[in-house]
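Asks: What follows is a single structure, and I will ask about it in a moment.
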């Protein structure tokens, strides 16, 4: 029969080996935890602090993951997709003040947090592209005014004036796209009225741009629209003074007698019919007035020093109005 010491020797041997097993397990656990933290919690050294990261509208999770890899914000597009799962990332411009690990960054984009605060930008009705560029540059410090002018000028008249909320880092192209899509939506609403007006959409927009500069109220705009359409129908020059502000590149301009002979296709004293393009970006009221003019016997109008609109049927009546209310 084995003595007690002999019986206990295997047990002692097993117990003596266990500290090494515990140590190995502890090291493995530390490695696993460190790897987890490194992959999911710690931001990469290339994390784009203070840089604008733009997630475009309609971006997929895969596309966003690739975008973030290119920006240096994440290491693994695969793990980003795993964390986001079936959820959607929120489009917008993101600026991060502190580094974010993979999980925190994914949740920020899913929830739309850490996005920049939108800036309220208002364009008055009748604003020109040049004026729009000035407003945007004043409101958005990093706005590319030159790019906006280059791409928006050919669309004068077709960029809808309204109040918008833009990212502080919005591109000129995105602003133009937003203004144009809003204009198209408004014009779709007016399609029935335009269809029965007997005028093309382009002519309606040009006329509306003139009305923005010539009158203040919707009722006045409808009457003046009737007068101007009548002048075109009878072959009479429109003789609209507002075009000279557009020709001269100023907001307001009172033409001199010499200006009336300026050789420009926009000079409605020298040329019959509408100007070749809009001279401003009209709002809904002016567009509706251009499509729904009020017919009258009037052929002349003016705004007096007191701000009141006066109409006349004949040139003699118009001259009398000028002498009484304007000169």
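Asks: Rounded to the nearest 500, what is the 222 nm mean residue ellipticity of the chain from helices alone, with -39500 (n - 2.57) per DSSP H run of 4+ residues and division by all residues?
Replies: Taking each H run of at least 4 residues, the total per residue is -16000 deg cm²/dmol.
Asks: Could you grab the relative contact order for the range 202-325? Cα pairs under 8 Å, six or more apart, rounded to a whole percent.
Replies: Reported as a whole number, the value is 32 percent.
Asks: Quote the relative contact order of the chain in percent (integer), defining contacts as alpha-carbon pairs under 8 Å separated by 6+ residues.
Replies: On the way: 470 pairs, mean separation 44.2, N = 327.
Computed over the chain, the figure is 14 percent.
Asks: What residue among 82, 61, 294 shows peak mean-square fluctuation when the chain is described by a Gaussian network model with Cα springs under 10 Å?
Replies: Looking only at 82, 61, 294, the largest GNM fluctuation is found for 82.
Asks: Report Rg (one decimal) and Dmax (nearest whole number) for the range 147-288, counting Cα atoms only, units Å.
Replies: Using the Cα atoms of the range 147-288, the pair Rg, Dmax is 15.8, 51 Å.
Asks: What's the extension gain from residue 316 to residue 149 if we count 0.36 nm per residue and subtract their Cα-Cα distance?
Replies: Gain on stretching residue 316 to residue 149: 55.8 nm.
Asks: Normalised by the residues of the range 256-326, what does the relative contact order come to in percent, with Cα pairs under 8 Å and at least six apart? Intermediate values should be presented prior to the final figure.
Replies: Values: 54 pairs, mean separation 12.0, N = 71.
Reported as a whole number, the value is 17 percent.
Asks: Can you bin the range 240-321 into rounded, prolate or oblate? Criterion: square roots of the alpha carbon gyration tensor eigenvalues sorted a ≥ b ≥ c, rounded for a/c under 1.5, prolate for a/b above b/c, oblate for the rest. List each step's numbers first, then the result.
Replies: Values: a/c = 1.56, a/b = 1.14, b/c = 1.37.
Oblate is the answer for the range 240-321, as a/c is 1.5 or above yet b/c matches or exceeds a/b.
Asks: Between 273, 85, 157, which gets the highest mean-square fluctuation from a Gaussian network model of the chain, Cα cutoff 10 Å?
Replies: Comparing 273, 85, 157 in the GNM, the peak value goes to 85.
Read the figures in this text as sums done on the coordinates, not as results from a lab. It should be emphasised that the depicted structure is a prediction, and the values quoted were computed from it without experimental measurement.
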